[in-house]
Amino acid sequence: MTMTVLQGILTILAVVAGTMLTRFVPFLVFPESKRPPRIIEYFGKVLPYAMTGLLVVYALRNTPILTGDHGLPELIACLTIVALHLWRRNMLVSIAGGTIVYMLLVQLVF
């Protein structure tokens, strides 16, 4: 099913409004002059690690460890990510390096 031009414009406007709303509301609810509630500070410290763990579990959930390559490309890529992060302390470098290593392993080695 194809959208009409009006439907496309309305969809884009809805996405823009939703994005702007999620970006601006925290600054309105928690102004810089006021200290945020302790639960929000706690979430700010804990949620990045929780989300990273969730993404790791989600990414590795279907890794075949009993058949095929036994999950070796995934293991090598994960070890690469950890090593790069310990070395450079840069999340983007770690993720990019691990992705490149994984893709090279899957395409050229396994």
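Remarks
- Complete set of residues in segment 1-49 that are of a type outside the set (A, V, I, L, M), part of a helix (DSSP H, G or I) and more than 29 Å from residue 91 (Cβ to Cβ): 7, 8, 11
- Residue within segment 69-90 that is open to solvent by less than 90 Å² (accessible area, probe 1.4 Å), in contact (Cβ under 8 Å) with a residue 40 or more places away in the chain and not in a helix (DSSP H, G or I) present: yes
- Residue count, segment 91-110 (criterion: more than 20 Å from residue 57 (Cα to Cα) and open to solvent by 50 Å² or more (accessible area, probe 1.4 Å)): 6
The values are calculated or read from the model by the stated rules, or taken from the named source; none is laboratory data. Values in this document were obtained by computation on a predicted structure and should not be read as measured data. Cβ sites come from the backbone with ideal geometry, for glycine too, and all protein chains shown count toward neighbours. When the accessible area is computed, the model is the full protein with side chains, heavy atoms only, and any ligands, DNA or RNA have been set aside. Shrake-Rupley method; radii C 1.70, N 1.55, O 1.52, S 1.80 Å.
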